[in-house]
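The values are calculated or read from the model by the stated rules, or taken from the named source; none is laboratory data. Predicted model, so just to flag it, every value in this text is computed and none were measured. A quick note on method: Cβ atoms are made from the backbone with ideal geometry, for glycine too, and the neighbour counts reach across all protein chains shown.
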Amino acid sequence: MACVAVLLGVGLLAPAGRAPPVYPTVTIWIHRVQPLDPFDNTTFPELYYWVGISEQGQWEWRTDTVGSGPDLIVDDNVSFPVQEGQIGIAILLCDGDTSSPDDAADLSARPGGGADDIPGRPCTVSTSAAPDHAYQGNWSIVSGSLSGDNVTQDGDLWITTGEGDGSTGSTIDENDAAVWFGVTDDYDPPTAEAGPGTSILPGESVVLNASASHGSDGSSLQEFTWDLDDDGTVDRTGVSITANFTTPGNHTVRLRVVDSLGVVATDTTYVNVAGRPTVSDTAWVWILIGLLALLSLLLFLWFRRRSRSREEAAPVGPDPDAPQVPGSE
């Protein structure tokens, strides 16, 4: 019976002599953009976006242009290789001014707003934090779920917008926009396969093989451990091992695999060690009767042969009943 999966934490390093780990790729799909407020008195500015992901507090960013218009279909896929089971996600939308610093749209349902014409702040990104007016969420690679800022579900997409964030007034409720986006990855939890059960005689060896275990396109299996008596202690390591069992009975063997994100899967199999042949009490009675019968037969044959031997060895005299021949005396 297989069991999946417990998240341990960050990705694993490859042991010496083993192939480097395989890690997932997260793809953020920017599908659609709608400016909801004028940007710097421009109804339909030229827009561009930043998309970022965060691992261990460090942000990595990608940028591309969107265009100009009231409702823009973008359909850009932005991919990031990652090494953790949960990452931060941010989306920042900006206008491309030519006469003043670029303005940032408010995409977050948190109070604030895309501040207008403040040099150096609205549409700049850094490796240490995402801007307050950007959408900010968290993507669980293991469970494939999104959390963070409030969003609206639209089929396979989410909509993030600063509209209706509770802020009012011309100085803070400005530059609102909406972005339709999706998040996918190529990761699935690992599968452990300990192999079929088997039966052996005491002292025989058995090969236990976990080669049917597997990760996904976005992961690799890094650890294989075997608990040969299901006591919670690791007895052997390796994809394939040879083990010996001497105690008769059914032995539960537990396999544990760990993938490159530190996610664990387990499976169990069994090794049935046959006991030595035993004879029931009734069988012993019949065996004893048989032995006694055999002994009696042997004794009978021995006495018979002995009697015949004595008879053959006895001297033979004249037959008193035989007719006498005259002159024979």
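Here are a few things to note about the model shown:
- Within the set THR246, THR242, the sole residue that is assigned to a loop (DSSP other than H, G, I, E, B), assigned by TED's automatic domain parsing to the domain that holds GLY203 and either modelled with pLDDT of 95 or more or not aromatic (Phe, Trp, Tyr) (or both) turns out to be THR246.
- Strands (runs of 3 or more DSSP E) (entirely within the stretch 49-155) containing at least 2 residues that are modelled with pLDDT of 90 or more, hydrophobic (A, V, I, L, M, F, W, C) and within 39 Å of the chain's Cα centre (by Cα): 58-67, 72-81, 86-95
- Filter pass, VAL234 being assigned to a loop (DSSP other than H, G, I, E, B), modelled with pLDDT of 95 or more and surrounded by fewer than 14 Cβ atoms within 10 Å (Cβ to Cβ): yes
- Filter result for ASP37 (assigned to a strand (DSSP E or B) and in contact with a strand residue (DSSP E or B) (Cβ under 8 Å, 6 or more places away or on another chain)): no
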